Amino acid sequence: MAPVASVAPMAEAVAVKAGRHREATLYTPLAGAGAGDGRTLEELRAAARAVYDTAELPVWRRSGFWTTSLESLDLDGLSRGASGGEGAPNGAGAEVPAVVERTLPQRARAGRIVQRDGAVVHVELDPELQRRGVVLCSLERAAVEHRELFARWYSRRLTIDRNKLEAANAAFWTGGAFLHVPDGVVVADPFEIVYAISEPGVAQYGRTLVVGERGSAFRVHEYDLGEDFDGVALHAGAFELYLQDGARCRLAQVQDWGTGKVHDVSTRFVGVGRDAHCHWLPTLLGGHLVRQHLELAVSEPGGDMAFRGMFFAERDEHLDLFAVDLHETGPSEGDVHWRGAAAGSSRASFEGLIEIDPGAQRTHTYLQIHSMMLSPKARIDAIPSVLVSADDVSASHGGTVGELDEESIFYMQSRGLDRASAVRVIVEGFFEPLIGELQDEPLEELIREALARKLAAAREDIETYATSR
């Protein structure tokens with residue numbers, strides 16, 4: 001019996017290792033129906049909890065050269081924090097974090113909802129918009145007070161069982177944000193949705209649902225922010241936006257988790273209906289380990305979208321982005337344009353996929369990714385790809401990876417700039433074509449200032465790299 005006893009642990013270890021390898025998730029689009037199939041919220045939470053209890057922390061792997069793993073994250077050691085549906089008294093004692101007031105621009109807005117850790121601590125909505133039927137409240141409140149709308153749209157295209165953290169979000173989310181813009185309502189000022197992590201040791205499961213009805217037009221700005229702290233925290237987010245016939249939305253996301261070891265694993269879906277349009281521009285500016293799945297689907301004829309994005313990785317950050325331009329029917333239009341930079345010893349990866357389904361004839365779309373290396377230790381991988389299952393389409397992609405050019409720096413210096421200013425102008429100019437597309441001056445200035453701070457922090461590393469070549 002002794003030989004059997006000595007072999008069993010080894011066999012078990014091999015099986016565990018093999019099991020983890022088999023469970024490594026490849027990069028695939030959602031591309032289909034979500035979990036919202038008529039089950040109640042309680043039933044969906046229970047189903048997600050069952051997945052959470054049995055699944056391991058996810059590992060995403062591209063063939064041979066890129067791995068994003070959360071196996072080292074001590075999920076059991078994180079607290080979901082105080083819960084609460086909406087503001088005081090449910091979020092009693094939870095003030096709006098200083099990072100929110102410090103970061104968000106002072107400007108006119110249609111409404112604002114702020115979640116700190118696990119509780120919504122602030123909600124405001126323009127009274128005139130409220131009279132016109134606009135709803136902005138916590139997702140928990142929407143599940144009770146707007147039951148029919150909630151049931152129709154909740155998790156319509158988001159799944160609950162692809163990995164442990166996706167299941168955790170579906171099972172444990174608290175607070176959350178719900179925005180509903182009725183037929184024909186046009187709103188000029190943005191709605192602001194804020195998720196803030198105020199301290200280490202927190203697992204924040206943020207969930208947002210936005211619905212724009214026929215002919216509506218509005219802006220949504222989402223901010224994911226963290227205070228600077230020592231320690232580990234988690235944001236496992238889920239976002240879904242649905243635009244009905246002729247609706248238009250300009251969606252901007254600004255993410256900067258600060259210097260804490262924040263792990264951000266989020267899934268975001270935008271669905272564009274008949275003759276609707278979405279301009280979506282995420283800006284990812286910081287996080288210890290960030291893995292985001294961003295998917296924009298044109299699901300009805302005449303749908304149109306502009307999918308933009310920016311990222312800046314620094315220090316030892318790990319950034320992993322998978323962006324999907326999905327066309328489920330035609331005719332439809334698409335345009336995907338991302339730009340990113342990496343400094344320090346960071347690693348950044350962007351994989352962009354155009355997928356055109358059978359029957360999505362007369363689809364025209366283009367994907368491009370441009371990236372800039374700012375350090376000899378940094379690494380950027382850019383992977384554009386196309387998967388086409390229709391024959392009357394136009395779809396193409398391209399990508400570039402560049403470095404700071406010493407001749408350009410010299411030219412700037414010859415015009416009176418010092419070296420640091422010249423580098424800043426070049427890098428800011430690299431991002432400016434996309435910043436200008438925001439068409440929102442306060443938000444544009446916020447992003448410019450954030451990029452300037454990051455460039456200043458990486459100044460020595462960038463200069464060393466530029467002069468060594």
Q. Name the residues in segment 225-260 that are buried (at least 22 other Cβ atoms within 10 Å of the Cβ) and either without any contact (Cβ under 8 Å) to a residue 12 or more places away in the chain or over 16 Å from Gly286 (Cβ atoms) (or both), would you?
A. Ala236, Ala238, Phe239, Glu240, Leu241, Tyr242, Leu243, Ala247, Cys249, Leu251, Ala252
Q. Do we have Glu300 as assigned to a loop (DSSP other than H, G, I, E, B) and within 19 Å of Tyr242 (Cα to Cα) here?
A. yes
Q.
Could you go through segment 371-390 and let me know if any residue there is within 23 Å of Leu438 (Cα to Cα) and within 22 Å of the chain's Cα centre (by Cα).
A. yes
Q: Can you work out which of the residues in segment 321-336 that are open to solvent by 20 Å² or more (accessible area, probe 1.4 Å) and part of a strand (DSSP E or B) is modelled with the highest pLDDT?
A: Asp335
**Q.** Looking only at segment 197-224, and only at residues there that are of a type in the set (D, E, K, R) and open to solvent by 10 Å² or more (accessible area, probe 1.4 Å), the one that is nearest to Gly77 (Cα to Cα)
**A.** Glu199
Q: Hey, could you check segment 441-455 for residues that are surrounded by fewer than 19 Cβ atoms within 10 Å (Cβ to Cβ) and in contact (Cβ under 8 Å) with a residue 12 or more places away in the chain and say which is farthest from Ser371 (Cα to Cα)?
A: Pro442
**Q.** Single condition Ile369 does not satisfy, out of (1) over 27 Å from Phe65 (Cα atoms); (2) open to solvent by less than 30 Å² (accessible area, probe 1.4 Å); (3) β-branched (Val, Ile, Thr); (4) touching a strand residue (DSSP E or B) at 6+ places or on another chain (Cβ under 9 Å)
**A.** (1)
Q | Residue selected from segment 94-111 under the condition touching a residue at least 12 places away in the same chain (Cβ under 8 Å) and outside any loop (DSSP other than H, G, I, E, B), by the criterion nearest to Glu445 (Cα to Cα) | A | Thr103
Q.
Out of the residues in segment 272-287 meeting the condition of being open to solvent by 10 Å² or more (accessible area, probe 1.4 Å) and out of contact with any Gly (no Cβ under 7 Å at 6 or more places or on another chain), tell me which one is farthest from Ala306 (Cα to Cα).
A. His277
Q: Determine, yes or no, whether Trp153 is hydrophobic (A, V, I, L, M, F, W, C) and farther than 19 Å from Ala276 by Cα.
A: no
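The values are calculated or read from the model by the stated rules, or taken from the named source; none is laboratory data. Keep in mind the model is a prediction, meaning the values are calculated, not measured. So basically every Cβ, Gly included, is an ideal-geometry build from the backbone, and we count neighbours across all protein chains shown. SASA here: full protein model, heavy atoms, side chains in, ligands and nucleic acids out. Shrake-Rupley method; radii C 1.70, N 1.55, O 1.52, S 1.80 Å.
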